[in-house]
Amino acid sequence: MKIKRIFAAGMFLAISVPWLWGCGKQQSAEPIKVHVGVACYNQSDTFISELLACFREEVNELGAAATIRDGAGSQRVQNDQVKELIDAGCNVLCVNLVDRADPSEIIDLARENDIPIIFFNREPVAEDLKQWDKLYYVGADAKQSGVMQGELAADRIKSNSQADRNKDGKIQYVVLEGEPGHQDAIIRTENAVNTLRSNGIEMEKLSYGIANWNRAQAQNRMQQIIGKYQNQIELVLANNDDMALGAIDAYEKLNFTENALPIFFGIDGTDDGLKAIVDSKLAGTVYNDKEGQAEAMARLAVTIVQEGTEGQAGEEKYIYLPYEKVTSENVRNFMAPKKSESNTGS
């Protein structure tokens, strides 16, 4: 299973931190109990929900405890939840920021109480991560996901003579984006489109829609776009699987025939996204390694509580796990069951 290979080879580390996975300091007879306080931006986000399910498993296996709070899209609510988690005795925090540009109150709370923070999935601004030596980040490189989505789309277009349905030598496309101004959304879109063009695909952008990573919003936005462009759309690039699936839902609701459908691509490799590839609805996605990220977060949380951080990581505090391309040819390698497979071997 790929998860074990990643950890065995150390492929995902952007920093040199052998202390994370090694023995470190000699363990005492009774190690410090680890209680992780988790604050996420919105548990209705499918990828975040699946990542947190993996994280609970990892934490339990390591003998730690986790309390999870849902910010439901409000930074103010999340700030209050972090304070509650600290007051409840959590000795390490994992924070998936609502607003990646506004972590100062959370950082101040943690520093005042000497509670390390592992930010995850939504990367803080680099300057903010330098505010304190007990701040970390676990996630993936948004540029890589955009490049891979563009490569998947380019390969499909080149191998499918019917992709350019109107035979005008150009691919008419629509983009479904996450939050307005969100760094990952911007990076994913720019790199997907630029990669297509660098592969010799002539592109014509018809429209775009902001759907906040949400399937229902994507369906609504796509229906509006279809109302304007009808069967002119040949390609839909979505910043995540949920929005790609929402676009597919829109076409199904409007009863478009299969021959009139565009090609759809997502990012994340959620359970529903993978199933849509098996069902030949989604052409491909880019797998965001939730299992690997969950394991990295859990191990790091336990290590920094039980062994401390002094003199360990220096200035570099980022852990990035690689994305992987998923198509109908390899999709079943990414589908459940994963946990049993990841526990085989050494």
Being of a type in the set (D, E, K, R) and at pLDDT 95 or above narrows it down to one residue among 184, 155; which is it? 155
Which condition does residue 268 not pass, out of (1) modelled with pLDDT of 95 or more; (2) surrounded by fewer than 21 Cβ atoms within 10 Å (Cβ to Cβ); (3) among the acidic types (Asp, Glu), if it passes all the others? (2)
Residue 158 is checked against (1) in contact (Cβ under 8 Å) with a residue 40 or more places away in the chain; (2) touching a helix residue (DSSP H, G or I) at 6+ places or on another chain (Cβ under 9 Å) and fails just one. What number does that condition carry? (2)
Matching residues in the stretch 53-80 - criterion: being in a helix (DSSP H, G or I) and either modelled with pLDDT under 95 or closer than 22 Å to residue 290 by Cβ (or both): 53, 54, 55, 56, 57, 58, 59, 60, 61, 78
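So that you can scan it fast, the table gives a plain yes or no per residue for (1) in a helix (DSSP H, G or I); (2) surrounded by fewer than 20 Cβ atoms within 10 Å (Cβ to Cβ); (3) modelled with pLDDT of 95 or more:
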residue	(1), (2), (3)
295	yes, no, yes
301	yes, no, yes
332	yes, yes, yes
341	yes, yes, no
346	no, yes, no
Could you please find all residues in the stretch 89-115 being closer than 25 Å to residue 50 by Cβ and either out of contact with any Pro (no Cβ under 8 Å at 6 or more places or on another chain) or among the acidic types (Asp, Glu) (or both)? 90, 94, 96, 98, 99, 106
So residue 130, is it open to solvent by 40 Å² or more (accessible area, probe 1.4 Å), more than 30 Å from residue 299 (Cβ to Cβ), more than 14 Å from the chain's Cα centre (by Cα) and not β-branched (Val, Ile, Thr): no
Of the residues in the stretch 203-234 that are aliphatic (A, V, I, L, M) and either within 15 Å of residue 154 (Cβ to Cβ) or part of a strand (DSSP E or B) (or both), the one that is most open to solvent (accessible area, probe 1.4 Å) is 210
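The values are calculated or read from the model by the stated rules, or taken from the named source; none is laboratory data. Keep in mind the model is a prediction, meaning the values are calculated, not measured. Cβ atoms come from the backbone with ideal geometry, glycine included; neighbour counts cover every protein chain shown. Surface areas here come from the heavy atoms of the whole protein model, side chains and all, with no ligands, DNA or RNA. Shrake-Rupley method; radii C 1.70, N 1.55, O 1.52, S 1.80 Å.
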